[in-house]
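Visitor: Got a structure here, written out as structure tokens. Questions coming.
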Amino acid sequence: MSAGGLWIAFDRPWHETSVVNCPICGRLILRQAWEFDGGAGRIQVCGESCEELYESYWKPAHGTMVGQ
């Protein structure tokens with residue numbers, strides 16, 4: 001279960017060409033991202049399942065990810 005994240009919508013113009021990828025799984029994040037506190041700042045991922053993956057795998061294996 002999620003530990004207190006929230007969905008945020010990206011406010012981008014229609015002509016924006018930059019892409020955002022999930023830092024945990026690599027999937028493309030299109031319109032909204034799941035944002036949560038990763039321990040060293042806010043992290044934006046593609047969904048709640050990536051927050052769980054961060055807590056169960058990434059953080060123990062690689063340490064705390066520096067957020068925004």
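Visitor: Kindly indicate whether any position in region 28-51 is at pLDDT 90 or above and over 13 Å from the mean Cα position of the chain (by Cα).
Guide: Within region 28-51 (the criterion being at pLDDT 90 or above and over 13 Å from the mean Cα position of the chain (by Cα)), the answer is no, since none of the residues qualifies.
Visitor: Does W7 meet the test of being at pLDDT 85 or above, open to solvent by 30 Å² or more (accessible area, probe 1.4 Å) and in a helix (DSSP H, G or I)?
Guide: Values: at pLDDT 85 or above: yes; open to solvent by 30 Å² or more (accessible area, probe 1.4 Å): yes; in a helix (DSSP H, G or I): no.
When the stated conditions are applied, W7 does not pass them.
Visitor: Additional query: Scan region 26-51 residue by residue and report those that are surrounded by 16 or more Cβ atoms within 10 Å (Cβ to Cβ) and part of a helix (DSSP H, G or I).
Guide: Selection gives C50, E51.
Visitor: Of the residues G63, G67, which single one is surrounded by fewer than 17 Cβ atoms within 10 Å (Cβ to Cβ), modelled with pLDDT under 85 and not hydroxyl-bearing (S, T, Y)?
Guide: After applying the criteria, what remains is G67.
Visitor: Determine whether W14 is more than 10 Å from the chain's Cα centre (by Cα) and either modelled with pLDDT of 90 or more or in a strand (DSSP E or B) (or both).
Guide: no
Visitor: Among (1) charged (D, E, K, R); (2) in contact with a strand residue (DSSP E or B) (Cβ under 8 Å, 6 or more places away or on another chain); (3) open to solvent by 60 Å² or more (accessible area, probe 1.4 Å), there is one condition E16 misses while meeting the rest; what is its number?
Guide: Of (1) charged (D, E, K, R); (2) in contact with a strand residue (DSSP E or B) (Cβ under 8 Å, 6 or more places away or on another chain); (3) open to solvent by 60 Å² or more (accessible area, probe 1.4 Å), only one is false for E16: (2).
The values are calculated or read from the model by the stated rules, or taken from the named source; none is laboratory data. Note that the structure is a prediction, hence the values are computed from the model and not measured. Ideal geometry is used to build each Cβ from the backbone, glycine not excepted, and the neighbour counts take in all protein chains shown. To get the accessible areas, we keep the full protein, side chains included, count just its heavy atoms, and leave off ligands, DNA and RNA. Shrake-Rupley method; radii C 1.70, N 1.55, O 1.52, S 1.80 Å.
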